[in-house]
Structures are given as C-alpha cells and as structure tokens.
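Novice: Take a look at this one; I'll ask things after.
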Amino acid sequence: MEEYEVKYQFDSPVPEDCSTDLVPNGAVNKKGKRVIEVPILTSMTKYLFDKDLGNQRLPMYTFLNRLLRNGSLSRIVGCRVMNKVINRQACEFPDVTYWKISREEFYADVRVHLTLDTPTGTCDWYGVLICSCEFSIDGFFCEIEELTSYVDRESQGLIMLSPFLIPYYKNKMVDEEAEEMWVRHRMEEALTDPSKRDPHELARHMGLKVVYLPVYEHQNVDGIVFFDDSTLVVGEDYITKDEHGRKIHHKSDSPQTIEIAADTIVMNSNRVKEKYADFPTFHECFHYDNHFCFAMLQKFVSSDRRIVKKEKKEVPEDEEPRDPIYFMEKQANRGALALMLPVSDTSVMIEEEIGRIKRYANTGELYDDAGRSMSRSLELPEFRIKARMIQLGHIEAAGAMNYVDRRRIQPFAFDTQSWKAAEHTYIIEPCSVSYLCKKDKDFNELIQSGKYIYADGHIVLNFPKYVKMFLGEMKLTSWALAHVDLCCLRFTRRYLQQSVGHYVLGRLFYDSDYVKTTLFYLKDLMENERLDTVSAKMEYKMRFPRLFIDAFDEIMRLNGDTRESISEKLNINKKTLKRVLDDPTKMPMDLIVAVCLIWKLPDWLSLLLLERSYNPIMEFDRRHQAIDYILRVMWDRGVDEANKLLKSMHLKELEYPLKYKDTTE
C-alpha cells in the first residue's frame, strides 16, 4: 500500500507526551496492520530477583532474618514476631518502585508482604524494603538500607523511574532538566546567549567526544552514544532517488569494523551532514545524562538497536503495548529541542516577537511572522522554532510556517479547541488528495460533487466566501484563513511504526462518518434556509436551546430515543434522569460523556452539550483532557473503548453503567 508520511513530527498542536511509555494510540505497522515490533528488554525487577542477574532475593531474606534475630523486626511491625525464619513461605515481594537519585544511582523500594506468627495468631504485614542501588561501567551495586512501613518519595522531590529505569519526566520536567544540564556542565551562559548553545561544546564539557562516521546498516539512526568501549561497523549505506523518483540504495560491499572508545557520540555521516547535526548531537547528550541506568541494565552500552531482541505483537483491543525505547526517544527529542531553545529564554523571546507585531490578518500570520523572525535571528530551521512554540503552549503556531510540496502555504488560524488531537490535521498534499480519491469512495464523491475543492493545502468548501482564484491558483479567502476549522475538512492520521522506538504520523484518512453525522444535525437548516455547512453550523449553535434539559431532549428525539429508552441505556431509572435534567449542576460529567458516546455526537455538539450542563472541560485536569480527546477522536467508538483508553492512562474509568440507582419510583 502506498504511504504518505508527514515531513515533521511536530506539525500538530499537540506535542508528544514524554511522561508515558505507551505506544501511540492506534499505531500500525507500515502495512497498516495492528501488528508492531516491540523490544524484548530486561526490567530492573527481573534483574533484581533473577539468580543469574542481580540476584538480590537472598540478600533481602538475609537482611530480614537479621532484623528478626536482633528483635528489630518486632519493633518495626509493632508486635512480637514468633517466626523462626523469614523465607519464601513467610515473605513475598509483590512489587518494586524505582526513584532517581543521580545519573547512576537510584532507590529500589521493594514492597514486602510478611506473613507473621504473633501471640494473637497469624497476621499480614505490608512494608517497604529500601535498597540503594548504583550502576557503573564496572557493574551493579545494591545496599539494603532499612525496612519501613511507609516511604513517600514524591514529598522528597525524587523522580520515579520506569521498571526499565527511564525517568517519568513530564514535558515540563524535560524542559527543566535541559536547563539544569547547561548549569551542571558549567555552561550557564547558554541559557540566555544563543551563540553559546554549541552542542559540540556541551559534549566536550560532558566529557564526550563527537565523531562523524558512515554507520553501516543503520539507515534510520542519526547518532549513537557509546557509554563503554565497543566496536562499530562502518561503510557506505544510504539511499538517493533518481530523476524519476526511484530509490537507489548505495551500500558498501566491504564494510569495516572499528574500535570506538567509551564516552563517544558517533554521528552517522551516511544520514547527517555536520552542518545539520546540532539537534541529533543534543539528542545524544540528553541520552547520556538521563538514560545511563537503562543502558547499563540492558548491557546495551553501544545503544546499537540491532542487538535489541524484538517480537511482533498484535496490538490487543483491551490494552496498549509499551515501548521503553520509544519512551526514551520522546524524552531525548524534546530534551534536544529544550537544549537548543531553553524554555525560560525562548518563552520570553516568543512573547517579545509576538508583541512586536502590530498588524496581522489572523493569528497564524502573527506566529508566522514571529517564528520566521526567530528563525533568522537564531539561525535555526523554521520547523524547529514552530515545534518549540507548540511545545511551550502556543498552539496557534500550528497555522504558521507550513509547507506543502516544499511550497509555503498561507498562514491560517483556527479555534484552538478544534485541533487538540495529534492525529488530526487540516493540511493535505495534492498527492494525498489523489490517493484518497482512489481509495475512499465517500471522499471521491464529495470532491466530484464540487462541494469541496483543493486550495493551498486544504480541502475547503467551494463557495466564494471561502475560496477564490488568485494569480491562477485557488486560495482561501481572508475569512477562511481565519477559520479553517469551520470551512475546511479535517483529516485523521494513523501512527506508523518505522522501527522499534520510532513512530511517525502517517497515512491520511477522510472521516466520512464525522461529516455525515454533522450533516445529520444540520440538514434541515441547509435545506430550508439554503445555508452552506459553515453558516448552518453557526446558526445551529445560535438556536441551540439554552436550558440543558431542552438541549438534551432535542438531541434525544433526533436520535430516536425517549426518556425511558435512554434511562435504560444509562442504567438509571426515569425519575433519577428527570431529577438531574431539571438541575444540571447535579449532572455528573461521566453521565454526559456516556450519553455523547451512545449517541455518537460529533465533538462540536458534545462539547456544546457539556457546556449547557455546567460541566466544562478543565484545561489543567489530566482526566478532563483525556475526556476531551475521547470526545474529539473516539466520538464514535463507544463507552467501552473510552474506558480502555482511560484505564491505559491510569485514570478513573467512566462510571458506566452508572453505579447509583434511585430505588424509588
């Protein structure tokens, strides 16, 4: 199947979430199948308890028995312990959590379940065995410090590590860590002076050497950081295209194996030219400072992905697989951009550039002007500036500095609430339009009808209000450029796995069900008052009932439901439903979300219904943001699928069917 992949990862308003190791939602392989390759890696928990690896189980039993013999165990658990010995029958280690101390050191808090004999009988006691651990090039060290009933690492300001010893950094924490790296390596001036942000100089201060070599059979790798002495196969191995666009693979018949010293960053000269190596060099520097323990745990000192064992796994419907390498790569990607454009200085610079511009047609044009000015002054590519703007909360920059077929398209604006899912886009290339016309019957019929037309990177309503001819090309009008979310088709993209740890937003899909559902609610206005889709939607919103109960009943009737039938679907009785409808302040958000998913409401309508129920989506509430994503992206997949997503994010599932029932009739 033919593929169309976006050129840059950061062309959507939503940056990658660095805090999760889940594979991107809906990921498929290059053939479009939900079968992907996941790495087979050793977790720290397995390492600790495997007798052929860390082998710490016996020392833990020894430590507990020492406490038993000297009477300390009785004091810790709060009663006299009469066990003769603490062994497998008396002790279980159900879980371990890990907490970062430094680059090499971490705590392993081992959960302990003891079955104790006491004067009053057998009792269960739960506590934590605190282990201080350290990895070095020479090996692993673990000291068991104490047994306690409880430990609160978060209040101590420590960062949790994944079972593979990757820090659970939130996006903001990656930005902070990047700034701390400049300080830690005695290059504080780089925080405020862009001329000092030299990745090779940072690497030197970190004790790293950067070399450029043609890395063999690593076409997707820009750079490799070596923590220990190792070897590397080098030789010509790259792809070019001829004048007809056909791929030509240049590959050496006689590659060589060379020695690489520890603390070396190798830039793949088959793929990266030195003048473009700043970002991948920063990327490897971030790996070196933040992912050392992962590398040591895997005995993966060369970061050579060829030696990572992999397995093909079908993405199950009830869970999302995890990919620790993807987790690290996301962090290093953001970390590289944060080193290149430190958050404090860059935030000020963005605000200053925006404040400087007094005249602009729409916010996209504002950010386009500001971003291109920053690109010139910082001598950085526009797409790097755009990506950083979006990462730092300037969603509007998604409408700026966009290119289609290497041609710059007009800057545009949109309602920031309409473009909050990474999978969505309003930008499409001509080749993708042709592809969709061949593959999607509904999309082809829509284009052939003449109702929509391609113009400057968008599929837009074919009305003079939205599109015009300018210098022989179709262009969006000023109004359309300021409201692309209202007059242009929105497309969905699916994540494609390129390799272990590497996912890109790939093929475009036309969401015909979304369009059909929207037209279902607007058809009367469009037919009776001869309105186009945009005008009809605006009129619909203006006429939408102000009272929640009236709004609810109107949508209920359109969906062929009654109070009785929807009460049954929601697992509450009619009387309870009437009570919450009469007083929407008592209407739980979960109930509204369940209703929206049952009726498969398009996002613009479900969010309107939430607004009428006094249940707005809160910007800084993680569960609210997940619900927002569900209503925008998973609006037609039902409650069960929504709950699977919430569960995978460790968030409370929708309370559906609702647990409470009114027993009175």
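Novice: Under 6 Å between Cβ atoms, which residue pairs at least 6 apart in sequence (or on different chains) link something in segment 104-123 that is more than 30 Å from residue 166 (Cβ to Cβ) and touching a residue at least 24 places away in the same chain (Cβ under 8 Å) with a partner that is surrounded by 16 or more Cβ atoms within 10 Å (Cβ to Cβ) and among the hydrophobic types (A, V, I, L, M, F, W, C)?
Specialist: Note: pairs meeting the criteria are 114/91; 114/125; 115/90; 116/81; 116/125; 123/116.
Novice: Next up: Only residues that are out of contact with any helix residue (DSSP H, G or I) (no Cβ under 7 Å at 6 or more places or on another chain) and surrounded by 15 or more Cβ atoms within 10 Å (Cβ to Cβ): list them for segment 418-438, please.
Specialist: Within segment 418-438, 422, 424, 425, 427, 428, 429, 432, 433, 435 meet the criteria.
Novice: Give all pairs with beta carbons closer than 6 Å in which a residue from segment 388-405 that is closer than 17 Å to residue 425 by Cβ meets a residue that is modelled with pLDDT of 95 or more and assigned to a strand (DSSP E or B); count only pairs at least 6 apart in sequence or on separate chains.
Specialist: none
Novice: Considering only residues of segment 329-362 that are of a type in the set (S, T, N, Q) and in contact (Cβ under 8 Å) with a residue 60 or more places away in the chain, which is farthest from residue 396 (Cα to Cα)?
Specialist: The selected residue is 331.
Novice: For segment 616-633, does any single residue satisfy the condition of being farther than 29 Å from residue 171 by Cβ, in a loop (DSSP other than H, G, I, E, B) and at pLDDT below 90?
Specialist: There is no residue in segment 616-633 that is farther than 29 Å from residue 171 by Cβ, in a loop (DSSP other than H, G, I, E, B) and at pLDDT below 90.
Novice: Could you tell me which residue of segment 184-195 is nearest to residue 158 (Cα to Cα), considering only residues that are without any contact (Cβ under 8 Å) to a residue 60 or more places away in the chain and not in a helix (DSSP H, G or I)?
Specialist: Filtering segment 184-195 for residues that are without any contact (Cβ under 8 Å) to a residue 60 or more places away in the chain and not in a helix (DSSP H, G or I), the one nearest to residue 158 (Cα to Cα) comes out as 185.
Novice: Does residue 538 qualify as being assigned by TED's automatic domain parsing to the domain that holds residue 602, surrounded by fewer than 19 Cβ atoms within 10 Å (Cβ to Cβ) and among the hydrophobic types (A, V, I, L, M, F, W, C)?
Specialist: So residue 538 fails the test.
Novice: Let me ask something else. Inside segment 45-71, can you point out the residues that are surrounded by 14 or more Cβ atoms within 10 Å (Cβ to Cβ) and among the small types (Gly, Ala, Ser)?
Specialist: Result: 54, single match.
Novice: Output the residues belonging to segment 211-231 that are aliphatic (A, V, I, L, M) and surrounded by fewer than 21 Cβ atoms within 10 Å (Cβ to Cβ).
Specialist: Passing the criteria: 211, 213.
Yes/no matrix, rows are residues, columns are (1) more than 17 Å from residue 281 (Cα to Cα); (2) more than 30 Å from the chain's Cα centre (by Cα); (3) at pLDDT 95 or above:
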| site | (1), (2), (3) |
| --- | --- |
| 181 | no, no, yes |
| 185 | no, no, yes |
| 193 | yes, yes, yes |
| 198 | no, no, yes |
| 202 | no, no, yes |
| 209 | no, yes, yes |
| 215 | no, no, no |
| 218 | no, no, no |
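Novice: I'm checking my understanding of the structure. Among residues of segment 234-277 that are assigned to a loop (DSSP other than H, G, I, E, B) and touching a residue at least 40 places away in the same chain (Cβ under 8 Å), which one is surrounded by the fewest Cβ atoms within 10 Å (Cβ to Cβ)?
Specialist: Result: 261.
Novice: Can you name every residue in segment 600-614 that is assigned to a loop (DSSP other than H, G, I, E, B) and surrounded by fewer than 22 Cβ atoms within 10 Å (Cβ to Cβ)?
Specialist: Of everything in segment 600-614, those that are assigned to a loop (DSSP other than H, G, I, E, B) and surrounded by fewer than 22 Cβ atoms within 10 Å (Cβ to Cβ) turn out to be 600, 614.
Novice: Scan segment 441-466 for residues that are of a type outside the set (A, V, I, L, M, F, W, C), out of contact with any helix residue (DSSP H, G or I) (no Cβ under 7 Å at 6 or more places or on another chain) and either closer than 16 Å to residue 486 by Cβ or touching a residue at least 40 places away in the same chain (Cβ under 8 Å) (or both) and report the count.
Specialist: Matching residues across segment 441-466 total 5.
Novice: Would you call residue 244 touching a helix residue (DSSP H, G or I) at 6+ places or on another chain (Cβ under 8 Å), modelled with pLDDT under 90 and over 16 Å from residue 285 (Cβ atoms)?
Specialist: no
Novice: Right, next: Can you tell me which condition residue 212 does not meet? The list is (1) part of a strand (DSSP E or B); (2) over 25 Å from residue 296 (Cα atoms), and all the others hold.
Specialist: Only one criterion is unmet by residue 212, namely (2).
Novice: Out of 378, 436, I need the residue that is in contact (Cβ under 8 Å) with a residue 60 or more places away in the chain and either touching an Asp or Glu at 6+ places or on another chain (Cβ under 6 Å) or farther than 30 Å from residue 282 by Cβ (or both). Which one?
Specialist: 436 is the lone residue from the list that is in contact (Cβ under 8 Å) with a residue 60 or more places away in the chain and either touching an Asp or Glu at 6+ places or on another chain (Cβ under 6 Å) or farther than 30 Å from residue 282 by Cβ (or both).
Novice: Among the residues of segment 397-411, is any aromatic (Phe, Trp, Tyr) and in a helix (DSSP H, G or I)?
Specialist: Within segment 397-411, not a single residue is aromatic (Phe, Trp, Tyr) and in a helix (DSSP H, G or I).
Novice: Only one of 41, 67, 58, 53 is at pLDDT below 90, over 20 Å from residue 332 (Cβ atoms), more than 18 Å from the chain's Cα centre (by Cα) and aliphatic (A, V, I, L, M). Can you tell me which?
Specialist: The unique qualifying residue is 53.
Novice: Still on this structure, I have one more. For segment 253-283, which positions are more than 22 Å from residue 296 (Cβ to Cβ) and of a type in the set (Asp, Glu)?
Specialist: 253, 274, 278
Novice: Being within 25 Å of the chain's Cα centre (by Cα) and farther than 27 Å from residue 395 by Cα narrows it down to one residue among 626, 594; which is it?
Specialist: Checking each option against the conditions leaves just 594.
Novice: Looking at the structure I just gave you, is residue 153 on the phi > 0 side of the Ramachandran plot and not small (Gly, Ala, Ser)?
Specialist: So residue 153 does not fit the description; no.
Novice: Moving on to the next point. Among the candidates 428, 395, 390, 409, single out the residue that is more than 27 Å from residue 629 (Cα to Cα) and in contact with a Phe, Trp or Tyr (Cβ under 8 Å, 6 or more places away or on another chain).
Specialist: 409
Novice: For segment 230-240, indicate whether the set of residues that are in contact with a helix residue (DSSP H, G or I) (Cβ under 7 Å, 6 or more places away or on another chain) and in the same structural domain as residue 297 (by TED's automatic domain parsing) is non-empty.
Specialist: Checked segment 230-240: no residue is in contact with a helix residue (DSSP H, G or I) (Cβ under 7 Å, 6 or more places away or on another chain) and in the same structural domain as residue 297 (by TED's automatic domain parsing).
Novice: Can you name every residue in segment 565-615 that is free of Cβ contacts under 8 Å to residues at least 24 places away in the same chain and farther than 27 Å from residue 415 by Cβ?
Specialist: Hits for segment 565-615 are 565, 567, 568, 574, 577, 578, 580, 583, 586.
Novice: Considering only residues that are of a type outside the set (A, V, I, L, M, F, W, C) and either free of Cβ contacts under 8 Å to residues at least 40 places away in the same chain or surrounded by 22 or more Cβ atoms within 10 Å (Cβ to Cβ) (or both), which ones fall in segment 173-183?
Specialist: Answer for segment 173-183, where residues must be of a type outside the set (A, V, I, L, M, F, W, C) and either free of Cβ contacts under 8 Å to residues at least 40 places away in the same chain or surrounded by 22 or more Cβ atoms within 10 Å (Cβ to Cβ) (or both): 175, 180.
The values are calculated or read from the model by the stated rules, or taken from the named source; none is laboratory data. What you see is a predicted model, and the numbers here were worked out from it, not measured in a lab. As a convention, Cβ positions derive from the backbone with ideal geometry for all residues, glycine included, and neighbour counts pool all protein chains shown.
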